[in-house]
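The values are calculated or read from the model by the stated rules, or taken from the named source; none is laboratory data. Bear in mind the structure is a predicted one, so any value in this text is a computation, not a measurement. Note that we place each Cβ from the backbone using ideal geometry, even for glycine, and neighbour counts take in every protein chain shown. With ligands, DNA and RNA removed, areas are computed over all heavy atoms of the protein, side chains included. Shrake-Rupley method; radii C 1.70, N 1.55, O 1.52, S 1.80 Å.
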2 protein chains.
Amino acid sequence: MAKTYVFGHKSPDTDTITSSIVMANLEVQLGNTEAKAYRLGNLNKETQYVLDYLDIEAPELLETIDDDANVILVDHNSPKESVENIENANIQKIVDHHKVAFNTSYPLYVRIEPVGCTQTILYKLYKENNVEITPKIAFLMLSAIISDTLLLKSPTTTPEDIQTVEELNELIKEDYQEYGLEMLKAGTDLSTFTIPEILKLDAKQIDLKDKKSIINQVNTASIDDVMQMKEELEDEIQKIIKDEELDLFMLLITDIINSNSQVIVLGEHADIVEKAYDVKLEDNTALLEGVVSRKKQVVPIMTKHA
Amino acid sequence: MAKTYVFGHKSPDTDTITSSIVMANLEVQLGNTEAKAYRLGNLNKETQYVLDYLDIEAPELLETIDDDANVILVDHNSPKESVENIENANIQKIVDHHKVAFNTSYPLYVRIEPVGCTQTILYKLYKENNVEITPKIAFLMLSAIISDTLLLKSPTTTPEDIQTVEELNELIKEDYQEYGLEMLKAGTDLSTFTIPEILKLDAKQIDLKDKKSIINQVNTASIDDVMQMKEELEDEIQKIIKDEELDLFMLLITDIINSNSQVIVLGEHADIVEKAYDVKLEDNTALLEGVVSRKKQVVPIMTKHA
């Protein structure tokens, strides 16, 4: 049987890594014994916490794939976010929860649903195929849903995500709330990163109409801790704006406990933020109350006002 | 509750029409009570036979849709094959078995599987959602699978299609083989069509690399009957080639009983057929033994030799 590479997006997060492992296991259980999970980059600290907690090894790093290799994509579908040479791969399946950003010249298995997390879909696939969800698999699924929905508090959360967490909670023998908060906190530890590294951790280039922009998000348990680095962050952001000829750089510092985001915004079009949220930037910064989701609460609103 | 338009592709066939009806019913059963099936063109005779047999009314004709209308696409996903103004619609779901040829700016429900017929997927959706498959719904599903797979003989047939037909057959009280053959034969009746109409019934513009081509398919229970019109068909094909500046026009006359296709091929690059199938065109025609599927046995092979 030919090997099948299962992987998520570049700059992997907890959903991408755990979904690769959980999907590869599903394939193996269903008879595709050569399916194996891979990752396209370094683990973040939150994901490392999850794998350490469960004593699971990280998937192997994958940098490129051969022509015609069999692949299964999870938690992404855009070629831009995928492995090098994906254009020449044989994509067998896609399981994802993002907008559709790919085309094929052949029919394939595509399962995309507008839910908060890929694992909510994988949970259904396990059920539909009568494959056992072991406590470890349940923990991986739960971790990803907690991560993507910030403990079910993000507006990306759907009733299906909540239902799935409730059902998964029956399968593990711990308080998922407490575990989840520790996991999220582990992901907010910035102490070992340099300023340039922090500004790359979860940076997405998202053009707001014709304005070339980067919107970056950093989770924290204390906005104050991050704001102590404000000057250094701004210096580095100015450099990035110059190097990449950006119109706007927006850094969201998201308080995962209280569900707010402090933003630092620089660039010629920083005023889009003021119009979008009806706030006044003082010293390049403002608090956006209740804003935690870049996908739902930032990109569409910023695009509208760009 | 806002209205939801459920429809398949232009030049509707039996899968497209029945899938619209079956999907709309699933939505209604699941609480989306304003879901309704539509069609984008006239019924072909095979589909008319099915609806007459079951005493079901044809879906209403839809020519365009309003901006932001809620739509569910079945049996297609390419905007080119969809309704006018689809770009501005709010696509809620897609259930299909073709290659992926669309993009969105938002996540949605996408269920595409590489099986022979959309109804094979809809059968699973009914099961997954515990929605009753009434005898009429079963008959609609069965009709489409028979149509798309030519009674399970086309190479597009998958084990899942076969399994689904077996399970559906339990739900109806008739011999599906006999019904299926009558249905397919009804679809081969060309007596009321003019020559130009015949050449448009199932014509797909498919560019073979840089060669502008039309590949048309007509099902028949008797190749001889259709070949009696050969001269008139060729005259009209020459006109189309001139008007549309084609490099190639290929007409497949497919014998649904014996699973062969006689082809009539005209245009400057007609020799592609000779290379692709290792045959000699005599008087612009040749018999391609065992060839019944345009998707699987014609387009990829013709493209390779173009």
Give the span of the stretch A:195-305's Cα atoms along each principal axis, as three whole-Å numbers ordered largest to smallest.
35, 27, 24
Mind checking the alpha-carbon convex hull of the stretch A:1-154 and giving the volume per residue in Å³?
110 Å³
From a point 7 Å beyond the Cα of A:LYS304 in the direction of its Cβ, which residues of the stretch A:245-279 have a backbone N at a distance under 16 Å?
A:272-279
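Ordered by packing density, taken as the mean number of other Cβ atoms within 10 Å over each peptide's residues, highest first, how do A:225-231, A:7-13 rank?
A:7-13, A:225-231
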Could you compute the FRET efficiency for A:LYS275 and A:ASP235, with r as their C-beta to C-beta distance and R0 at 30 Å, rounded to 0.05?
0.70
For the stretch A:268-281, take each phi angle, set θ = phi - 60°, evaluate the Karplus expression 6.51 cos²θ - 1.76 cosθ + 1.60, and give the result in whole Hz per residue in order, putting x for glycine and proline.
4, 10, 4, 5, 4, 4, 4, 5, 5, 10, 6, 10, 10, 6
Put one equal scatterer on each alpha carbon of chain B, apply the Debye formula with no solvent term, and list log10 I(q)/I(0) at q = 0.08, 0.09, 0.12, 0.15 1/Å to two decimals.
-0.36, -0.46, -0.81, -1.23
Applying 1/(1 + (r/R0)^6) with R0 = 41 Å to the Cβ-Cβ distance of A:MET227 and A:GLU57, what FRET efficiency is obtained, to the nearest 0.05?
0.65
Show me, for the stretch A:207-216, the HN-Hα J-couplings you get by feeding each phi into the Karplus relation (A = 6.51, B = -1.76, C = 1.60, θ = phi - 60°), rounded to Hz, glycine and proline as x.
6, 8, 6, 8, 8, 6, 9, 10, 10, 10
Can you give the log10 of the normalised intensity I(q)/I(0) at q = 0.29 Å⁻¹, computed with Debye over equal Cα scatterers of the stretch A:1-46?
-0.95
Loop only per DSSP, at most 14 neighbouring Cβ atoms within 10 Å: give me the GluC sites (Glu not before Pro) in the stretch A:53-84, ordered by residue number.
A:GLU57, A:GLU63
Accessible area per residue of the stretch B:1-69 at 1.4 Å probe, in Å²?
46 Å²
Log entry: pair-distance distribution for the stretch B:93-251, C-alpha pairs binned every 5 Å from zero, whole % per bin is 1, 7, 14, 15, 14, 14, 14, 10, 6, 3, 1
Residues B:LYS173 and A:GLU174, FRET efficiency given R0 of 51 Å [Cβ-Cβ distance, rounded to 0.05]
0.45
Coordinate range along principal axes, alpha carbons of the stretch B:128-190, Å, largest first:
40, 23, 17
Note to self: C-alpha centroids of the stretch B:250-306 and the stretch B:38-91 sit apart, in Å, by 30 Å
Rg(Cα)/(2.2 N^0.38 Å) for the protein assembly as shown, N = residue count
1.09
Whole-Hz ³J(HN,Hα) from phi, Karplus 6.51 cos²θ - 1.76 cosθ + 1.60, for the stretch A:116-124, glycine and proline x
x, 7, 4, 5, 5, 6, 4, 4, 5
Using a cut-off of 14 Å between alpha-carbon atoms, which aspartates and glutamates can reach A:LYS242, once sequence neighbours fewer than 8 places away in the same chain are excluded?
A:GLU234, A:GLU268
Taking Cα pairs closer than 8 Å and at least 6 residues apart, the relative contact order of chain A in percent is 13 percent
